[in-house]
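Participant: What follows is a single structure, and I will ask about it in a moment.
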Amino acid sequence: MAIDAKKIETDITLELDEDEITAAEFMAAFENFVGLVREVSKTLDASAPKEWLVKVYPGSAGVGLYPKPGQSSATLHMVRAAVLEGMDALANGRRPAKYTDKAITHAKNISKLFERRQRPTSSVRLWSGNDKFISVKKQVAIEAAKLLDPVFEDYGSVEGRLEVVTAHGKFECTIFDPLGERAVKCELAEELIPEAIGAFRKRVEVFGRIHYRQDGMAVRVIASRIVKFPDPSEIPSVREMRGILRDQHGA
């Protein structure tokens, strides 16, 4: 059921214009909506809201977010504009400047909420205040996949901190880029598991067949080797290095 725009009181609102919505659909909508707004807020300004209050509109499937009192109206305007403009940019095949990879994933999931119902038009809308909205088109999911999904592969290596090791379904580890905190999943043969566990929470370089997305960023590795970098405490100091070199020269 459509939301009554005159009753919208929240800064950013997600409208689900469907007569029947399952609990799973509603939870997916809510989680991805909140995730999208949080991710965009983080990229805009340190003063942007980190926690949002929630309002569920009675009589319709509308969920709105608003900040705690004291938030700058100018900052809120930037967040609202960035969320809606970013969704429009994605629908038109452009990467939004204020959308992180996580934000793009959330936007993709929102656009796919009711894809099985095969509606001719979108039943999902994002509102900025109560006077401006944008329909979340199905094209968003298509364009998001082009940006995030791997499109070619090559042999090479990736570096990062190994923070996840799992055997759920298949053997994998996840390393995080120390600069951008991007996660790269690495598929492991069973014989590599001891090496991965031994390198847990260490800086590593993983060699293998790397899957890259359109912009050249690595998203997945079929690993063939894991090399653990030494801890700082294991690296000789300058004085120790001089002693080593002196001993070798004397020998």
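Participant: Explain nothing, just the number: dipole magnitude of segment 5-148 about its Cα centre with +1 on each Lys and Arg Cβ and -1 on each Asp and Glu Cβ, in debye rounded to the nearest 20. Provide the component values of the computation, followed by the final result.
Facilitator: On the way: 22 positive and 18 negative charges, 66 e Å.
Using only the charged Cβ atoms, the result is roughly 320 debye.
Participant: Here is a further query. Would you please give the FRET efficiency between Leu179 and Ala74, computed as 1/(1 + (r/R0)^6) with r the Cβ-Cβ distance and R0 = 45 Å, to the nearest 0.05?
Facilitator: Rounded to the nearest 0.05, the efficiency is 0.90.
Participant: Can you tell me which of Ser224, Ser111, Ser41 moves the most in a GNM of the chain? Springs connect C-alpha atoms under 10 Å apart.
Facilitator: Highest fluctuation among the options: Ser224.
Participant: Nearest 10 degrees is fine. How inclined is helix 101-111 to the longest principal axis of the chain, computing both from alpha carbons?
Facilitator: Helix 101-111 and the main axis of the chain meet at about 30 degrees.
Participant: Tilt of helix 73-91 relative to the longest C-alpha principal axis of the chain, in degrees (0 to 90, nearest 10)?
Facilitator: Approximately 80 degrees, to the nearest ten.
Participant: By how many degrees, 0 to 90 and rounded to 10, does the Cα axis of helix 23-44 deviate from the longest principal axis of the chain?
Facilitator: 70 degrees
Participant: Report ³J(HN,Hα) in whole Hz for each residue of segment 201-208, in order, from the Karplus equation J = 6.51 cos²θ - 1.76 cosθ + 1.60 where θ = phi - 60°; Gly and Pro get x.
Facilitator: 6, 10, 7, 9, 10, 10, 9, x
Participant: Where Lys and Arg each count +1 and Asp and Glu each count -1, what net charge lies around Asn130 among other residues with Cβ under 14 Å from its Cβ? Show your work: numbers first, answer last.
Facilitator: Working: positive: Lys6, Lys7, Lys55, Arg80, Arg125, Lys132; negative: Asp4, Glu9, Asp11, Glu15, Asp131.
Spelling it out: positives minus negatives among the neighbours equals +1.
Participant: Taking only Cα atoms and a 10 Å spring cutoff, compute GNM fluctuations for the chain and point out the largest among Ala107, Ala183, Ala144.
Facilitator: Highest fluctuation among the options: Ala183.
Participant: Over the chain, what relative contact order in percent results from Cα pairs under 8 Å that are six or more residues apart? Mind showing how you got there, number by number?
Facilitator: On the way: 458 pairs, mean separation 40.6, N = 251.
The normalised contact order for the chain reaches 16 percent.
Participant: Any chance you could list the semi-axes, whole Å, largest first, of the equivalent ellipsoid that the Cα gyration tensor gives for segment 5-148, using √(5λ)? Before the final figure, lay out the partial values.
Facilitator: On the way: eigenvalues 96, 74, 31 Å².
So the equivalent ellipsoid measures 22, 19, 12 Å along its semi-axes.
Participant: Using 0.36 nm per residue of separation minus the Cα-Cα distance, give me the extension gain between Tyr212 and Asp154 in nm, one decimal.
Facilitator: 20.1 nm
Participant: Be a star and scan segment 51-88 for residues whose amide nitrogen sits under 11 Å from the point 7 Å along the Cα-to-Cβ vector of Phe30.
Facilitator: Under 11 Å, as judged by backbone N against the label point of Phe30, lie 54-57, 63-64 of segment 51-88.
Participant: If you don't mind, there's one more thing I want to ask. Which value in deg cm²/dmol, rounded to the nearest 500, describes the helix-derived mean residue ellipticity at 222 nm for the chain, given -39,500 (n - 2.57) per DSSP H run of n ≥ 4 and division by the residue count?
Facilitator: -10500 deg cm²/dmol, from helical runs alone.
Participant: Continuing with the same structure: For the pair Glu115 and Ile197, what calculated FRET efficiency results from E = 1/(1 + (r/R0)^6), where r is the Cβ-Cβ distance and R0 = 35 Å, to the nearest 0.05?
Facilitator: 0.35
Participant: Work out the P(r) tail for segment 96-232: percent of alpha carbon pairs separated by more than 23 Å, whole number.
Facilitator: Percentage above 23 Å: 47.
Participant: OK, next. Have a look at Ala23, Val40, Ile3 and report the one farthest towards the positive end of the charge dipole of segment 1-50, computed about the Cα centre with Cβ charges (Lys/Arg +1, Asp/Glu -1).
Facilitator: Val40
Read the figures in this text as sums done on the coordinates, not as results from a lab. Bear in mind that the values here come from a model prediction, so they are computed numbers and not experimental data. Note that we place each Cβ from the backbone using ideal geometry, even for glycine, and neighbour counts take in every protein chain shown.
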